[in-house]
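The values are calculated or read from the model by the stated rules, or taken from the named source; none is laboratory data. Bear in mind that the values here come from a model prediction, so they are computed numbers and not experimental data. FYI the Cβ positions are ideal-geometry reconstructions off the backbone, even for glycines, and counts take in every protein chain you see. Keep in mind that these areas ignore ligands, DNA and RNA; they rest on the heavy atoms of the full protein, side chains included. Shrake-Rupley method; radii C 1.70, N 1.55, O 1.52, S 1.80 Å.
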Amino acid sequence: MEAKLLKAGYDEEQTATAVSRLVSERFLNDQRYAERFAEMALQQGRFVGYRLRQEMRRRGFSVDLINDVLAQPDQQQQQNMAKELLDKKYPGWSGSGEDAQRQRRRGLGFLQRRGFSAGVVMNLFRQDYSEE
């Protein structure tokens, strides 16, 4: 907040006073903001895993704060999140049929851009979308 105010041209002393007052009155809380950002990103499926960490670093969160906020979900939780996201993005998608390879590549790319590892995605395809 302080850096943004200074960049906007506000006085350094007034900025420091304003930010310290906001912090002391608990209107400005990095921990709470980081938690809400991560929660919304995961809920909306915008970012997951390393991609969420990368986005939080880009937005200026410290590595320690990111580590505190983000508990690493286990493989099964990640797989469940990936399945929900894939089902939401491509309703009725089965990963099989005439155009199976194209569908799988599209699904793989979509999930990896969201931050899922290739291992999670491949396990998902093997278990839930295997060709029968």
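Tell me, what is the FRET efficiency for Val23 and Gln44 to the nearest 0.05, using R0 = 25 angstrom and their Cβ-Cβ distance as r?
0.30
What does the accessible area per residue of the chain come to in Å², with a 1.4 Å probe and no ligands, DNA or RNA counted? Before the final figure, lay out each step's value.
Details: 9210 Å² over 132 residues.
Accessible area per residue: 70 Å².
Running a GNM on the chain with Cα contacts under 10 Å, which residue among Ala100, Ala38, Ala16 ends up with the highest mean-square fluctuation?
With Cα springs under 10 Å in the chain, the top fluctuation among Ala100, Ala38, Ala16 is at Ala16.
Mind checking which of Val63, Val121, Val23 has the largest fluctuation in a GNM of the chain, springs on alpha carbons under 10 Å?
Of Val63, Val121, Val23, the most mobile in the Gaussian network model is Val23.
So if I restrict to the alpha-carbon atoms in the chain, what is the Rg, and what is Dmax, the biggest pairwise distance, in Å?
20.1, 68
What does the accessible area of Lys88 come to, in Å² to the nearest 10, when a probe of 1.4 Å is used?
Taking all protein chains as shown, Lys88 has close to 150 Å².
Once label points are set 7 Å from the Cα along Cα→Cβ at both Glu13 and Tyr33, what is their separation, rounded to one decimal in nm?
The answer from the label model is 2.5 nm.
What is the helix-to-structure angle for 30-44, meaning the angle in degrees between its Cα long axis and the longest Cα principal axis of the chain, kept from 0 to 90 and rounded to the nearest 10?
Result, in degrees: 20.
Can you list the GluC sites (Glu not before Pro) in region 25-110 that are in a DSSP coil and have 16 or fewer other beta carbons within 10 angstrom? Could the numbers behind the result be given before it?
Working: sites: Glu25, Glu35, Glu39, Glu55, Glu84, Glu98; in loops: Glu25, Glu98.
Answer by residue number: Glu25, Glu98.
Could you give the distance between the Cα centres of region 107-122 and region 28-51, to the whole Å?
19 Å
Would you kindly calculate the translational diffusion coefficient of region 1-47, applying Stokes-Einstein with the Kirkwood radius from alpha carbon pairs, for 37 °C and a viscosity of 0.692 mPa s, and quote it in µm² s⁻¹ without decimals?
Stokes-Einstein gives a translational diffusion coefficient of 270 µm²/s.
Leu70: net charge of surrounding residues, Cβ under 10 Å, Lys/Arg +1, Asp/Glu -1, itself excluded?
Here the count lands on -1.
Cut-off 10 angstrom, C-alpha nodes, Gaussian network model of the chain. Which of Asp30, Asp11, Asp99 fluctuates the most?
Between Asp30, Asp11, Asp99, it is Asp11 that shows the largest mean-square fluctuation.
Leaving out ligands, DNA and RNA but keeping every protein chain, what accessible area does Tyr33 have, in Å² rounded to the nearest 10, with a 1.4 Å probe?
120 Å²
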